[in-house]
2 protein chains.
Amino acid sequence: MSTCDTCNKNSCPATSRQADESDADYKERQKLESRLCRVQRKIVVLSGKGGVGKSTVAINIAAGLMMAGLKVGLLDVDIHGPSIPTMIGLEGRTPEGNGEELIPLEVHGLKVMSPGFFLRSQDDAIIWRGPMKANAIRQFLQDVAWGELDYLVVDSPPGTGDEPLSVCQLIKKLDGAVIVTTPQKVAAVDVRKSITFCRQLKVPVLGVIENMSGFACPKCGEITSILGSGGGRRMAAEMGVPFLGAIPIDPAIALACDRGQVPVQMSICSPAVENMRTIVKRLWDIGVKGKAA
Amino acid sequence: MSTCDTCNKNSCPATSRQADESDADYKERQKLESRLCRVQRKIVVLSGKGGVGKSTVAINIAAGLMMAGLKVGLLDVDIHGPSIPTMIGLEGRTPEGNGEELIPLEVHGLKVMSPGFFLRSQDDAIIWRGPMKANAIRQFLQDVAWGELDYLVVDSPPGTGDEPLSVCQLIKKLDGAVIVTTPQKVAAVDVRKSITFCRQLKVPVLGVIENMSGFACPKCGEITSILGSGGGRRMAAEMGVPFLGAIPIDPAIALACDRGQVPVQMSICSPAVENMRTIVKRLWDIGVKGKAA
């Protein structure tokens, strides 16, 4: 038993070798644990179904926490469809390495890492089966120079497969999951699975966000529930998890994401952006005051 | 070398053992090949990004071909978020087995199989890594009593990972892929990856569908490009693949799917449903007249 180089505590999981661990495995795990030891809070953004705006929410949470004065990292683990580079204006950029570590890219101080940075062309597809994805996610956590962070926000691909499973298993002290859905029943059905997934893996559910909740016609103001409404709030109540808020559909947000701009950082006064700011504030309160149930 | 029991041709891949194949592997492959030998055309519905309406499109293609008098099967291989049971009104139903085979469920003659039929509760999450998913997909192709079919439509989860890879590798004579996107740049970027994926695996691209293409306000008729517009058509032109059509956002479709009704079968006269019918007609023309480029 030794003391962790990072936190100087011998209670740190990086300090003791597990019974069934080989020397090489222990060294690997030690690297991972002492890296994560320097990150105060780690949250993962999940959804059961794709296209619910999970990456948009993840970027806005990360940017919102950063605007509150925190040091924040944003890790995209969507191996097959990494949207973060486009959405945050870092398309075509490649992180540099310094021998042992990869240096994350920065946008106004927000540290960002994504598998999308390593594709030769936007059209390239990463055709990988599960075990290769698990290795890549391990590297993104272990070999990236995240440094001292208050928050690491992990944007996971939808579903309950290899990527979210790897994130939840590799980050031992995950503070919790934010779960994104749309009001549709077919989305809410899938998102219930994400909550079951968190419970099975003992990851606290920080709350549910209902995205794409109604659309206000920019001409006449008529509000249409394009995908229905209230499905996320109802589902959160039924599953006994906190409801963090609803975000209406806003073409300005879709456009901002396509242009690589982050809505919460912009001076847009739309209900969608306002609600996003409120949700970030709620997460910040949870983070400061202690863990959610 | 023997003759295939199903097609009676000795050119069938089921009839000859491959050089590197064990006896057991050959028997397994023979089962799969002679099952698929009874299906005239096999198409897979893909998307790079989730939530673009891929399952809605897959159901409507299957139902549309069936309404044209064909025998059609619909296979959902979305292990983590199977939407087909809810969307086609088969929630809570379980297929029966007859010892060796699983009998697909039927809706107006459309044969349907989904991993969702085997969950004890809607909240259950299938937390599986890649190799287990590949096995499950193999079983769905091999051990399901599909019988004689004109078309098997496979609804694949988004991305370029284990599930679409298994489908494309297991179905040797795949007629092609229909690729669904939304107009957004972040969706089109991911969908380009799906086209690259098809090219690498030598699966013909039948064409691209742009879903959620504009929204008409039900009160004033104003058309808003909520997610931008034209991204799918542009991307198809750039990548040199056919464009099959655009489908506008229609709350009636979202509602029909949540209620387990299939839009093309209903007497809805909306532009969205009309365009879906036109797309099915195009696919049917491609199927009848020969393979797409």
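Scanning segment A:77-108 for residues that are away from every other protein chain (no Cβ under 12 Å) and under 27 Å from residue B:163 (Cα atoms) yields a single hit, A:77. In segment A:156-195, the qualifying residues are those that are hydroxyl-bearing (Ser, Thr, Tyr) and more than 23 Å from residue A:282 (Cα to Cα), and the one that is farthest from the other protein chains (Cβ to nearest Cβ) is A:166. Examine segment A:184-195 for a residue that is out of contact with any Cys (no Cβ under 9 Å at 6 or more places or on another chain) and basic (Lys, Arg), and state whether such a residue exists. Taking every residue of segment A:184-195 in turn, at least one turns out to be out of contact with any Cys (no Cβ under 9 Å at 6 or more places or on another chain) and basic (Lys, Arg).
Among the listed residues A:263, A:242, A:218, which satisfies the condition of being touching a Pro at 6+ places or on another chain (Cβ under 9 Å) and either farther than 22 Å from residue B:82 by Cβ or touching a residue at least 12 places away in the same chain (Cβ under 8 Å) (or both)? Quick ask: steps written out before the conclusion?
Numbers: A:263 fails: touching a Pro at 6+ places or on another chain (Cβ under 9 Å); A:242 fails: touching a Pro at 6+ places or on another chain (Cβ under 9 Å).
Step by step, each of A:263, A:242, A:218 is checked, and only A:218 is touching a Pro at 6+ places or on another chain (Cβ under 9 Å) and either farther than 22 Å from residue B:82 by Cβ or touching a residue at least 12 places away in the same chain (Cβ under 8 Å) (or both).
Do you know which residues across segment A:216-233 are more than 10 Å from chain B (Cβ to nearest Cβ) and either surrounded by fewer than 18 Cβ atoms within 10 Å (Cβ to Cβ) or small (Gly, Ala, Ser) (or both)? Across segment A:216-233, the qualifying residues are A:229, A:230, A:232.
Just one of the numbered conditions (1) in a loop (DSSP other than H, G, I, E, B); (2) within 30 Å of residue A:54 (Cα to Cα) is not true of residue B:75: (1).
Within segment A:109-155, the set of residues being in a strand (DSSP E or B) and within 14 Å of chain B (Cβ to nearest Cβ) comprises A:155 only.
The residues of segment A:39-61 that are among the hydrophobic types (A, V, I, L, M, F, W, C) and closer than 26 Å to residue B:212 by Cβ, listed by number, are A:45, A:46, A:52, A:57, A:58, A:59, A:61.
For (1) without any contact (Cβ under 8 Å) to a residue 24 or more places away in the chain; (2) closer than 28 Å to residue A:177 by Cα; (3) in a loop (DSSP other than H, G, I, E, B), each residue gets a yes or a no:
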{"residue": "A:4", "(1), (2), (3)": "no, yes, yes"}
{"residue": "A:7", "(1), (2), (3)": "no, yes, yes"}
{"residue": "A:14", "(1), (2), (3)": "yes, yes, no"}
{"residue": "A:20", "(1), (2), (3)": "yes, no, yes"}
{"residue": "A:28", "(1), (2), (3)": "no, yes, no"}
{"residue": "A:45", "(1), (2), (3)": "no, yes, no"}
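Out of A:63, A:68, report the one residue that is under 20 Å from residue A:249 (Cα atoms) and either more than 14 Å from chain B (Cβ to nearest Cβ) or modelled with pLDDT of 95 or more (or both).
Details: A:68 fails: under 20 Å from residue A:249 (Cα atoms).
Answer to the selection: A:63.
Would you check if residue B:178 is among the aliphatic types (A, V, I, L, M), at pLDDT below 85, under 14 Å from residue B:47 (Cα atoms) and not in a loop (DSSP other than H, G, I, E, B)? Considered against the rule, which asks whether it is among the aliphatic types (A, V, I, L, M), at pLDDT below 85, under 14 Å from residue B:47 (Cα atoms) and not in a loop (DSSP other than H, G, I, E, B), residue B:178 comes out as no. For segment A:199-215, the set of residues classified as touching a residue at least 24 places away in the same chain (Cβ under 8 Å) and either within 9 Å of chain B (Cβ to nearest Cβ) or assigned to a strand (DSSP E or B) (or both) consists of A:201, A:205, A:206, A:207, A:208, A:209, A:210, A:211, A:212, A:213, A:214, A:215, listed by residue number. Answer yes if at least one residue in segment B:236-248 is surrounded by fewer than 24 Cβ atoms within 10 Å (Cβ to Cβ), part of a strand (DSSP E or B) and within 8 Å of another protein chain (Cβ to nearest Cβ), and no otherwise. The answer is no, given that none of the residues of segment B:236-248 is surrounded by fewer than 24 Cβ atoms within 10 Å (Cβ to Cβ), part of a strand (DSSP E or B) and within 8 Å of another protein chain (Cβ to nearest Cβ).
The values are calculated or read from the model by the stated rules, or taken from the named source; none is laboratory data. Here the structure is a predicted model, which is why all the values come from computation and not from measurement. Positions of Cβ are backbone-derived with ideal geometry, glycine not excepted, and every protein chain shown enters the neighbour counts.
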